[in-house]
Amino acid sequence: MALKITLKPNEKMIIGGAVIRAGANKCQFFVENNVPILRQNGIMTADGAHSPARRIYLAIQLMYVDEVRIAEHQKLYWELIREFVEAAPSSLQIVDEINELIVAGDFYKALKKARHLIDFEQEVIERA
């Protein structure tokens, strides 16, 4: 069964590594096979990755959409995670859950869990 996607005017998304943008009007299309898909609200840009947790999210996003360079993105991910846990040991539970998803190759769920890491980071910053 195909996945039906409706994009708002000028909305962007990533499908299988390609960035797609709707024109001036709302558009609808169907994805007939299994490919990585991220809607605009789930896409992290390099400019938006301005904190350690956001850089981790970006590394996971790249693993999800760029299978060609996955080893490179995984190496970066493990470096970022090590540094994050050293700086915030209380993040270990969330990080362990993300790591399990990464090892299992479930990058989409890892992205969703990484949003919790971004929230955790923000809470730590607000408390400091």
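The values are calculated or read from the model by the stated rules, or taken from the named source; none is laboratory data. Since we're looking at a predicted model, the values are computed, not measured. Quick reminder, even Gly has a Cβ in these numbers, built from the backbone with ideal geometry, and neighbours come from all protein chains shown. Protein only, heavy atoms only, side chains kept; ligands, DNA and RNA dropped before computing areas. Shrake-Rupley method; radii C 1.70, N 1.55, O 1.52, S 1.80 Å.
State the number of residues belonging to the stretch 60-87 that are within 19 Å of Lys112 (Cα to Cα), modelled with pLDDT of 95 or more and open to solvent by 100 Å² or more (accessible area, probe 1.4 Å).
Of the residues in that region, 1 qualify.
Please specify each residue of the stretch 50-61 satisfying the condition of being free of Cβ contacts under 8 Å to residues at least 24 places away in the same chain, farther than 16 Å from Lys109 by Cβ and among the hydrophobic types (A, V, I, L, M, F, W, C). Even if it seems obvious, please write down each step before you answer.
At the first step, the residues of the stretch 50-61 found to be free of Cβ contacts under 8 Å to residues at least 24 places away in the same chain are 50, 58-59.
Filter once more, keeping what is farther than 16 Å from Lys109 by Cβ: 50, 58.
Residue satisfying the conditions is Leu58 alone.
Taking only the stretch 50-59 into account, find how many residues are open to solvent by 40 Å² or more (accessible area, probe 1.4 Å) and outside any helix (DSSP H, G or I). I'd like the intermediate steps shown before the answer.
Residues of the stretch 50-59 open to solvent by 40 Å² or more (accessible area, probe 1.4 Å): 50, 52, 54-55.
From what's left, outside any helix (DSSP H, G or I): 50.
Of the residues in that region, 1 qualify.
In the stretch 88-113, what count of residues is obtained for those that are crowded, with 20+ Cβ neighbours inside 10 Å, small (Gly, Ala, Ser) and within 16 Å of the chain's Cα centre (by Cα)?
1
Between residues in the stretch 73-85 that are over 10 Å from Ile56 (Cβ atoms) and among the polar types (S, T, N, Q) and residues that are assigned to a helix (DSSP H, G or I) and open to solvent by less than 100 Å² (accessible area, probe 1.4 Å), which pairs lie under 9 Å by C-beta distance while being six or more apart or on different chains?
Going by the 9 Å Cβ cut-off, the qualifying pairs are Gln74/Ala59; Gln74/Met63; Gln74/Ile102.
Using the structure shown, decide if Lys4 is basic (Lys, Arg), in contact with a strand residue (DSSP E or B) (Cβ under 8 Å, 6 or more places away or on another chain) and not in a loop (DSSP other than H, G, I, E, B). Talk me through it step by step, then tell me what you get.
Numbers: basic (Lys, Arg): yes; in contact with a strand residue (DSSP E or B) (Cβ under 8 Å, 6 or more places away or on another chain): yes; not in a loop (DSSP other than H, G, I, E, B): yes.
Against the criterion (basic (Lys, Arg), in contact with a strand residue (DSSP E or B) (Cβ under 8 Å, 6 or more places away or on another chain) and not in a loop (DSSP other than H, G, I, E, B)), Lys4 qualifies.
Answer with yes or no whether Leu111 is in a strand (DSSP E or B) and either touching a Pro at 6+ places or on another chain (Cβ under 9 Å) or in contact (Cβ under 8 Å) with a residue 24 or more places away in the chain (or both).
Working: in a strand (DSSP E or B): no; either touching a Pro at 6+ places or on another chain (Cβ under 9 Å) or in contact (Cβ under 8 Å) with a residue 24 or more places away in the chain (or both): yes.
No; evaluated as a whole, the condition is false for this residue.
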